[in-house]
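Sharing a structure with you now.
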Amino acid sequence: MTCDKTPQKITKIFDEISGYYDKMNNFISLGTHYFIKKIALKNLKIRQNSYILDLCCGTGDFTQIIDKIEPKAKVIGLDNSVEMIKLAKHKNPQKVFMHGDCTNLPFKDREFDYITVGFGLRNVDNRQKALSEIYRTLKTGGKFMHLDFGRHGFGGKCFDFWVPILVKIFGVNHENYHYLIESKNEYPEPQVLIKEFETHGFKLVKRQDFLFGAVSYQILEK
Ligand SMILES: C[S@@+](CC[C@H](N)C(=O)[O-])C[C@H]1O[C@@H](n2cnc3c(N)ncnc32)[C@H](O)[C@@H]1O
């Protein structure tokens with residue numbers, strides 16, 4: 001079965017779960033997601049005064065972490081869920097967030113030093129278009145950091161078991177979290193994604209896996 005990733009469907013899911021998104025992330029990952037995001041962003045080695053685009057920014061975790069790591073960097077968060085953006089803005093009142101679609105970016109060519117996507121690309125129907133846009137708007141020598149679920153092995157299977165238990169405990173909409181599991185299991189593993197990124201012109205700089213490979217980030221250079 002393939003997930004329905006039409007933008008309307010995806011926006012509806014994230015608008016609906018926005019109120020408990022952060023709390024569920026903490027329980028699902030047993031608190032590790034924020035720590036993994038921090039490691040990935042630290043390893044991006046963000047330079048002072050650089051310009052960063054965080055795609056599929058959700059509730060603004062990346063913006064918050066980047067601000068701690070490199071307060072002089074300028075970050076813009078973009079997401080197509082209005083409700084997720086409201087929360088991002090609440091968490092980062094001084095920062096800029098905009099509503100938009102990562103497959104059609106309102107930016108000039110070669111504008112950003114870094115582009116990040118955390119647990120976002122998996123939800124995008126036209127991933128190739130999003131990757132073309134990332135490549136287009138990144139400066140030559142700029143870095144793209146992709147973080148998401150990784151290998152479909154033991155670590156990944158633990159989520160399949162654990163998430164439905166949490167959904168029952170918290171009484172949240174099970175269909176939305178069923179989508180999470182389906183989209184995770186359908187998403188290509190990192191070695192496949194890296195090849196895909198390479199066909200767009202990126203070169204792999206670093207990859208690191210966590211939680212028995214269930215989560216992985218890759219840093220690529222344009
Ligand atoms: C799982 S959340 C990840 C949020 C955040 N990056 C994090 O790591 O916690 C995925 C986000 O991607 C956004 N999204 C999905 N498709 C998108 C698209 N085509 N353009 C922009 N944002 C999109 C959703 O609205 C949602 O907020």
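Pull out all pairs, ordered by first then second residue, where Cβ-Cβ is under 6 Å, the residues are six or more apart or on different chains, the first lies in region 27-41 and is more than 14 Å from G58 (Cβ to Cβ) and among the aliphatic types (A, V, I, L, M), and the second is within 11 Å of the ligand (Cβ to nearest atom) and assigned to a helix (DSSP H, G or I).
L41/I65
Just for helices (runs of 4 or more DSSP H) wholly inside region 73-178: which have at least 1 residues that are of a type in the set (V, I, T) and exposed (fewer than 14 other Cβ atoms within 10 Å of the Cβ)?
Details: elements: 82-91, 127-137, 154-170.
Counting at least 1 such residues, we get 82-91, 154-170.
Only residues that are within 11 Å of the ligand (Cβ to nearest atom) and either more than 18 Å from F159 (Cα to Cα) or assigned to a loop (DSSP other than H, G, I, E, B) (or both): list them for region 21-36, please.
S29
Something else now. Can you tell me how many residues in region 122-136 are away from the ligand (no atom under 13 Å from the Cβ) and not hydroxyl-bearing (S, T, Y)?
1
Which one of these is closer than 23 Å to K129 by Cβ and of a type in the set (F, W, Y): F144, F170, F154, F159?
On the way: F170 fails: closer than 23 Å to K129 by Cβ; F154 fails: closer than 23 Å to K129 by Cβ; F159 fails: closer than 23 Å to K129 by Cβ.
Unique residue meeting the criteria: F144.
Applying the selection to region 59-81, what residues are within 10 Å of the ligand (Cβ to nearest atom) and small (G, A, S)?
G60, G77, S81
Considering only residues that are near the ligand (Cβ under 9 Å from one of its atoms) and either in contact with a Lys or Arg (Cβ under 8 Å, 6 or more places away or on another chain) or β-branched (V, I, T) (or both), look in region 1-16 and name the one that is farthest from V163 (Cα to Cα). Full working, then the answer.
Step one: filter region 1-16 for residues near the ligand (Cβ under 9 Å from one of its atoms), giving 5, 7, 10-11, 13-15.
Now narrow it down to the ones that are either in contact with a Lys or Arg (Cβ under 8 Å, 6 or more places away or on another chain) or β-branched (V, I, T) (or both): 10-11, 13.
On the way: I10: 19, T11: 21, I13: 16 Å.
This residue is T11.
Name every residue in region 37-52 that is more than 13 Å from the ligand (Cβ to nearest atom) and part of a helix (DSSP H, G or I), in order of residue number.
Across region 37-52, the qualifying residues are I39, K42.
So for region 24-46 (the condition being more than 19 Å from F149 (Cβ to Cβ), surrounded by 20 or more Cβ atoms within 10 Å (Cβ to Cβ), of a type in the set (G, A, S) and modelled with pLDDT of 95 or more), does at least one residue qualify? Give the derivation first.
Taking region 24-46 first, the residues more than 19 Å from F149 (Cβ to Cβ) are 42, 44-46.
Pick out the ones that are also surrounded by 20 or more Cβ atoms within 10 Å (Cβ to Cβ) and you get 44, 46.
Now narrow it down to the ones that are of a type in the set (G, A, S): none.
No - not one qualifying residue is present in region 24-46.
Identify, please: which residue in region 205-222 is more than 18 Å from the chain's Cα centre (by Cα) and at pLDDT 95 or above and is, among those, nearest to K129 (Cα to Cα)?
Kept after step one, since they are more than 18 Å from the chain's Cα centre (by Cα), are these residues of region 205-222: 205, 212, 222.
Those left that are additionally at pLDDT 95 or above: 205, 222.
Values: V205: 22, K222: 16 Å.
Across region 205-222, the extreme among qualifying residues is K222.
In region 200-222, how many are surrounded by fewer than 20 Cβ atoms within 10 Å (Cβ to Cβ) and among the small types (G, A, S)?
2
In addition: Output the residues belonging to region 1-20 that are crowded, with 17+ Cβ neighbours inside 10 Å and either without any contact (Cβ under 8 Å) to a residue 60 or more places away in the chain or part of a helix (DSSP H, G or I) (or both). Outline the logic, then answer.
Of region 1-20, the ones crowded, with 17+ Cβ neighbours inside 10 Å are 3, 5, 10-11, 13-14, 17-18.
Of everything in region 1-20, those that are crowded, with 17+ Cβ neighbours inside 10 Å and either without any contact (Cβ under 8 Å) to a residue 60 or more places away in the chain or part of a helix (DSSP H, G or I) (or both) turn out to be I10, T11, I13, F14, I17, S18.
In addition: May I ask you to list the residues in region 100-121 that are more than 9 Å from the ligand (Cβ to nearest atom) and of a type in the set (F, W, Y)?
Hits for region 100-121 are F107, F112, Y114.
Turning to a different aspect of this structure: Being in a loop (DSSP other than H, G, I, E, B) and aromatic (F, W, Y) is the filter here; which residues of region 192-214 pass it?
Selection gives F202 alone.
The values are calculated or read from the model by the stated rules, or taken from the named source; none is laboratory data. Everything numeric here is computed off the predicted structure, so don't read it as measured data. Glycine gets a Cβ as well: all are built from the backbone with ideal geometry, and neighbour counts include every protein chain shown.
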